[in-house]
Amino acid sequence: MKRSLTALALVVAAAAGGLTWYLHDKQPIRDGEQMFGALQAPVTVDYDERGVPHIRAENEADMYRALGYVHAQDRLLQMELLRRLARGELAEVLGEKLVPTDRLFRTLEIGRHADAYAARLDANSPSTQALQHYLEGVNQYQASRPRPLEFDLLGIEPRPFTVADTLSVAGYMAYSFAAAFRTEPVMTHIRDELGADYLKLFDLDWHPQGVLGSPLASGDWKDLAALAQLTDSALEGSGLPQFEGSNAWAISGSRTASGKPLLAGDPHIRFSLPAVWYEAHLQAPGYELYGYHHALIPSAMLGHNRDFAWSLTMFQNDDLDLIAERVNPDNTDQVWYQGQWVDLQQRTETIQVKGAEPVQITLRRSPHGPIVNDALGQTNGSTPIAMWWAFLETDNPLLDAFYQLGRAETLDKARTAAEKIEAPGLNVVWANAAGDIGWWAAAKLPLRPAGVNPTFILDGASGEADKLGYHPFTANPQEENPQRGYIVSANYQPVPASGIEIPGYYNLPDRGQRLNQRLSDASVKWDTHNSQALQLDPGTGYGPRLLAPILDELREAAANDEERALVEQLANWNGDHTLDSVAATLFNQLTYQLAHEAMADELGDVFFDSLLQTRVLDTALPRLTADAESPWWNRQGSEQRESRAQIVADAWRASLEHLRSVLGDDASTWHWERAHTLTHSHPLGQQQPLAWLLNVGPLAAPGGHETPNNLSHKVGPAPWPVIYGPSTRRLIDLADADKALGGIPVGQSGVLFDAHYGDQAQAHVTGQYQPQHLSEADVVAHRQGTLRLLPH
């Protein structure tokens, strides 16, 4: 027996040793030397305490090659999955459950558009050269180092990354901005199936004649609801970043303690693991930038140096129209367009499926764009729904735009760079050490026919879906050096000086108003300390505003002293979502329950769930509570007309019942921290035991939906997993950019068991800021390792 136990111990030790060696071999190398044949000269990469690479190269080509190499060693899986998602190739490695997602992205034509765009790029332009050199670095790493663990688990065979892959990922990023898929079907359903009295809750223009010349049949509505569900699940289930909102402001030197401009920015993005941004400090002769990089994109999308800094928010302009086509009754392959029947283009594509037979799909296109309900495969209806999307229809030199933004030290250069951003729409908020601040709403805004409201599905046969051209960039909302001394951007609807109307899916004004209220206080001199407090503000006026009209009805609904005390907590609540708040927990449950009790019976489960995903719901709910005569209060099919008081009472009782079932009978323990948590999910961490191994969290999260500290969740029943929030919080005082602050939500690395896999997660959710080392002395003082990349 002794010999047997000894042999078993040796086998176990050998297996453990082999596993340790195997996993160690997958880890990033941040110290020592690596040969890199494409380099023209040696490159030095110093790694700081957070795993941020500080790259020093003798020329820009080598600088981008080195960036690609170190980016890949930390994020190769993210790069691989993003290109596969964008191009509709996930089922090849994840199996047949991803076929619907692949079919959706094939339908959107992102990969086809990327291929065509790559073929016509100017190979000699500086931005294209930067991309080529960056991809050389990515491919050098992939070819010379062991595959990531997940590649082995999934059987992914590495293939070189291409320019078209980068452009495909840019297309995914643009698509993740688009709110039309989840908004236009439900808004059109309310208009056409429920009517004007129901629609006015959403503060939209009403067209009593209806937009669609041919009414949609019940099967068409089923398709639209299914399409909205598919787009939501494709984004939510990917474990990959999705752009949502953002805060940014720039303050002139006249309003700062230092006398120089200060830039603040926290783009709001769906949390993922690894995080969307990769921090890197790049230096070459004549160039230096501390930037935030997206997978497979070499130029930073956020950045700063000692001369200038910029951040982004989402413009939220509507750059995607859904269009119902009229089919020829004698030929279902034709639709009516500009006075005649025209053929639909058709193509067949094959989706490779892991462990199953390939799936062939037929996709169609009208003159307006791809037929997106083909993404469903088997449809219920007969009406083709086309998609016009500015991303597919404009020149859109995004690579040039961000390459130039990283070199834009003057107002003129920054404005010129911003003008190149055509889709998706972005607000560029910028400042420089010379004293200038600026904001440009960057997008190519289409000219639609007069009276057309693109919030609804448009009628393809009427001409209202046609585009008459584009507004000039000078007509876009923008400001430079305003007299008030600051600029704030927070996704609310902007008012351009040109007076043009800009349809969009804007966020509530509350968050922007709260920021503006504080920034407008002329007695405050801003610095990075009090700016932290503003970025971390967990409050909103939305809650008290929504509750005020129904407080008396809540008091009437309270059944005992304990419930009456809870109502008074709501009545006295200032809207702050602090970790110890009971009122925040109660309010968020009541918000969902009010929406459900009032609206689910009219919309049905699928459309109601779609409405919960939209920004228009945020606008509607305060209008609902303020209007006691709204038809939404009446239950469908009821023999009597319900009142607001009855529905409020039902919502109150349902809220308490649910919170007791989830958090216990003692309401004093219903703290926000118990119900509102953040888990950073790995793309493969959707199920146990991989979730336990790969995900980071749960972490108690302050803030909430549409607070400045926008750690946001879906409107729904408790508990509330945080879905998106600050993807970084940056503060740069241009009097001393060497002391800039930032950080990311999880860690620099996407490599399991690496020290920087999740080392920033707790600090980020609790609002701790990380120094961003810019000066050579700071880099040396915080250096944890030096990687030397050497040419052959």
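The values are calculated or read from the model by the stated rules, or taken from the named source; none is laboratory data. Quantities reported herein were computed from a predicted structural model and do not represent experimental measurements. A quick note on method: Cβ atoms are made from the backbone with ideal geometry, for glycine too, and the neighbour counts reach across all protein chains shown.
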Subset tally (residues that are basic (Lys, Arg) and part of a helix (DSSP H, G or I)) for the stretch 679-724
0
When both residues are 6+ apart or on different chains and their Cβ atoms are under 7 Å apart, which pairs have a first residue that lies in the stretch 684-709 and is under 23 Å from residue 150 (Cα atoms), and a second that is hydroxyl-bearing (Ser, Thr, Tyr) and part of a loop (DSSP other than H, G, I, E, B)?
695/681
What pairs come up if the first residue lies in the stretch 159-180 and is free of Cβ contacts under 8 Å to residues at least 24 places away in the same chain and at positive phi, the second is small (Gly, Ala, Ser) and not in a helix (DSSP H, G or I), and their beta carbons are under 6 Å apart, counting only those six or more places apart or on different chains?
none
For the stretch 29-142, which fully contained helices (runs of 4 or more DSSP H) count at least 3 residues that are touching a Gly at 6+ places or on another chain (Cβ under 9 Å) and either under 27 Å from residue 373 (Cα atoms) or at pLDDT below 95 (or both)?
60-87, 99-107, 110-120
Subset of the stretch 193-218 [in a loop (DSSP other than H, G, I, E, B), more than 22 Å from residue 504 (Cβ to Cβ), modelled with pLDDT of 55 or more and in contact with a helix residue (DSSP H, G or I) (Cβ under 9 Å, 6 or more places away or on another chain)]:
195, 215, 216
Of the residues in the stretch 331-367, those that are part of a loop (DSSP other than H, G, I, E, B) and either in contact with a strand residue (DSSP E or B) (Cβ under 9 Å, 6 or more places away or on another chain) or aromatic (Phe, Trp, Tyr) (or both) number 5
Scanning the stretch 763-781 residue by residue, those surrounded by 14 or more Cβ atoms within 10 Å (Cβ to Cβ) and outside any loop (DSSP other than H, G, I, E, B) turn out to be 763, 764, 765, 770, 771, 778, 779
Return the total of residues in the stretch 378-403 being of a type outside the set (Ser, Thr, Tyr), touching a Ser or Thr at 6+ places or on another chain (Cβ under 7 Å) and not in a loop (DSSP other than H, G, I, E, B).
4
Contact list please: Cβ distance under 6 Å, first residue in the stretch 582-602 and over 17 Å from residue 194 (Cβ atoms), second residue polar (S, T, N, Q) and part of a helix (DSSP H, G or I), pairs at least six apart or on different chains.
583/569; 589/655; 590/655; 593/655
In the stretch 541-557, is there at least one residue being of a type outside the set (Phe, Trp, Tyr), assigned to a loop (DSSP other than H, G, I, E, B) and under 26 Å from residue 725 (Cβ atoms)?
yes
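Considering only residues of the stretch 558-588 that are hydrophobic (A, V, I, L, M, F, W, C) and either at pLDDT below 95 or not in a helix (DSSP H, G or I) (or both), which is nearest to residue 538 (Cα to Cα)?
Per the criteria, the residue is 579.
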Failed condition for residue 655, given (1) assigned to a helix (DSSP H, G or I); (2) more than 21 Å from residue 718 (Cβ to Cβ); (3) among the small types (Gly, Ala, Ser):
(2)
